[in-house]
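The values are calculated or read from the model by the stated rules, or taken from the named source; none is laboratory data. Predicted model, so just to flag it, every value in this text is computed and none were measured. Cβ atoms come from the backbone with ideal geometry, glycine included; neighbour counts cover every protein chain shown.
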Amino acid sequence: MDKLIIRGQKRLKGEVTVSGAKNAALGVLPAALLLSDVCTIENVPNILDITILKGIMETLGVRFENIDNNTLRIDTRNINSYVATTPDMNKLRGSYYLMGALLGRFKRALVTFPGGCNLGVRPIDQHIKGFESLGAKVEIERGCIKLTANKLVGAPIYLDVVSVGATVNIMLAAVRAEGLTTIENAAKEPHIVDIANFLNAMGADIKGAGTDVIRIRGVKSLKGGIVHSLIPDQIEAGTYMIAAAATKGDVLVKNVIPKHMESLTAKLMEMNVKVEEFDDSIRIFVKDRLSKVNIKTLPYPGFPTDLQPPAAVLLLRTDGISTITESIFENRFQYIEELKRMGANIRVEGRMAVIEGGSKLTGAPIKATDLRAGAACVLAGLIADGETEISNVHYIDRGYENMVEKLQKLGADIKRISDGQE
Ligand code: UD1
């Protein structure tokens, strides 16, 4: 089990390049299952979630070829199975897209319940409602979801909650269904648009992705040979922007779409962080004292829940008392116990964290409790006095490409050690 060792209180300075979006990649790779041909995906992040997903897809008969470090050729001509029940399935949330993709391709799927970060109850009732509306029979058998349909027929579907996963899954299942599917109250996250763009490039007919009504007119077949470049990871970008502000540094975050970062940049500016936007990069630097703010997580374009844990660390650097209200997931404050070990003054009241700025953090042994909690631990280590040792690094590997190297390049004193290594 590897650990990260951080000696804090170094201001981050320089440039960092953001990788391709994890959550876009987790949708686009399964989307390729709807095709019986070859396609190429660029800007694929080298992260553990993708390695695991590729391994699962290989068991279905998919062939992957790495053209270069971040370019992947996907060959779906020899898929011979609609069964995705390997133990790896519950290592990540994104495995749920195999339901929609396999159902869309084979009219049947047998898929293990998805895993992913433990953020409280994470139901998939809206996914199931969507599949049933398209004509699928849904059965639960020994921890697996079995989907079967004679044919899939487009239908109007209203989501009772705004769900990223259900929106994409219904889109995947509907691409080759007969007739028109409409998803109302759809999620609007940038990676939903990216996945729709990929599907449309293959010949799908999806309109409205990025708005709360998506219309999918079923097509008989899709064409291969396309090259699709994934959008930059808005959460990775946000993590480095917050890290720059928290260390009172000066960082140019490159390969970002500034529009995707608006909820964060607005909050940073409200705190007195300086933000300069360029076409595809954002400079973050700090000149003044930081003032308290209140943050509430919301579906896009609101403040992303995935940036909530890193943002909590930044709020420790402000004058006064700030709050974070988590409105997406019921249990996303587990990392706060770790921050408290370092001296953070935070109390949790139901869905709200009350964060007292100005308390001095000191290095301590802490553990990542999930992916974005891991990012918060790293940021806490970067601002703390002394040495912080972070265990459960595999969570961070799930979603951050070369985080240690990227931070080292910005001047952080961070290294990764294997167990037993000094
Ligand atoms: C996705 C992202 C995750 C991000 C989250 C919210 C991926 C692989 N993961 O997760 O990084 O934190 O969006 O932006 O893209 N819900 C239901 N029933 C359902 C589905 C969801 O009640 O059938 C609820 C969830 O419990 C949660 C809310 O809806 O309270 C939003 O969840 P959802 O958008 O589906 O998140 P995920 O797709 O799991």
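Total residues in segment 146-185 satisfying the condition of being at positive phi and within 22 Å of the chain's Cα centre (by Cα): the figure is 1. Checked against the criterion of being within 17 Å of the chain's Cα centre (by Cα) and either within 16 Å of the ligand (Cβ to nearest atom) or at pLDDT 95 or above (or both), the candidates K188, K254, K274 yield just one match: K188.
Identify the residue in segment 368-378 that is outside any helix (DSSP H, G or I) and not β-branched (V, I, T) and, among all such residues, is farthest from the ligand (Cβ to nearest atom). The qualifying residue farthest from the ligand (Cβ to nearest atom) is A368. Reported count of residues in segment 305-358, each being out of contact with any strand residue (DSSP E or B) (no Cβ under 7 Å at 6 or more places or on another chain), under 30 Å from K188 (Cβ atoms) and touching a residue at least 60 places away in the same chain (Cβ under 8 Å), is 11.
Of the residues that make up segment 284-296, is at least one modelled with pLDDT of 95 or more and within 16 Å of the ligand (Cβ to nearest atom)? So far as segment 284-296 goes, yes, one or more of its residues are modelled with pLDDT of 95 or more and within 16 Å of the ligand (Cβ to nearest atom). Within 16 Å of the ligand (Cβ to nearest atom), modelled with pLDDT of 95 or more and hydrophobic (A, V, I, L, M, F, W, C): does that describe L382? Against the criterion (within 16 Å of the ligand (Cβ to nearest atom), modelled with pLDDT of 95 or more and hydrophobic (A, V, I, L, M, F, W, C)), L382 does not qualify. On inspection, A196 fails the criterion of being among the hydrophobic types (A, V, I, L, M, F, W, C), away from the ligand (no atom under 11 Å from the Cβ), farther than 24 Å from D306 by Cα and without any contact (Cβ under 8 Å) to a residue 60 or more places away in the chain.
The rows are residues; the columns are (1) closer than 25 Å to V164 by Cβ; (2) within 16 Å of the ligand (Cβ to nearest atom).
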| site | (1), (2) |
| --- | --- |
| I52 | yes, yes |
| R77 | no, no |
| Y97 | yes, yes |
| L134 | yes, yes |
| A149 | yes, no |
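Every test in (1) out of contact with any Phe, Trp or Tyr (no Cβ under 9 Å at 6 or more places or on another chain); (2) farther than 20 Å from L110 by Cα; (3) within 16 Å of the ligand (Cβ to nearest atom); (4) not in a loop (DSSP other than H, G, I, E, B) is passed by A24 save one, and that test is (1). In segment 311-320, which residues are in contact with a helix residue (DSSP H, G or I) (Cβ under 6 Å, 6 or more places away or on another chain) and either assigned to a loop (DSSP other than H, G, I, E, B) or within 13 Å of the ligand (Cβ to nearest atom) (or both)? Listed by number, the list holds a single entry, R317. Does at least one position in segment 228-248 carry a residue that is in a loop (DSSP other than H, G, I, E, B) and of a type in the set (G, A, S)? So far as segment 228-248 goes, no, none of its residues is in a loop (DSSP other than H, G, I, E, B) and of a type in the set (G, A, S).
So that you can scan it fast, the table gives a plain yes or no per residue for (1) of a type outside the set (A, V, I, L, M, F, W, C); (2) closer than 19 Å to K267 by Cβ; (3) in contact with a His (Cβ under 9 Å, 6 or more places away or on another chain); (4) in a strand (DSSP E or B):
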residue	(1), (2), (3), (4)
S359	yes, no, no, no
I366	no, no, no, yes
A380	no, yes, no, no
Y400	yes, no, no, no
E405	yes, no, no, no
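Within segment 362-381, the residues that satisfy the criterion of being surrounded by 24 or more Cβ atoms within 10 Å (Cβ to Cβ) and either charged (D, E, K, R) or touching a Lys or Arg at 6+ places or on another chain (Cβ under 7 Å) (or both) are I366, L371, R372. Being surrounded by fewer than 22 Cβ atoms within 10 Å (Cβ to Cβ), in contact with an Asp or Glu (Cβ under 9 Å, 6 or more places away or on another chain) and closer than 20 Å to I195 by Cα narrows it down to one of R93, R77, so name that one. Only one candidate passes the filter, namely R93.
Criterion first (outside the structural domain of I284 (by TED's automatic domain parsing), more than 17 Å from the chain's Cα centre (by Cα) and in contact (Cβ under 8 Å) with a residue 60 or more places away in the chain) does I41 satisfy it? Judged against the criteria, I41 is a match.
All conditions but one from (1) farther than 28 Å from S327 by Cα; (2) touching a residue at least 40 places away in the same chain (Cβ under 8 Å) apply to V138; the one that does not is (2). Checking each residue in segment 191-218 for being under 17 Å from the mean Cα position of the chain (by Cα) and under 15 Å from L34 (Cα atoms) picks out I195, A196.
Among the residues of segment 96-111, the one identified as surrounded by fewer than 23 Cβ atoms within 10 Å (Cβ to Cβ) and closer than 13 Å to G143 by Cβ is L110.
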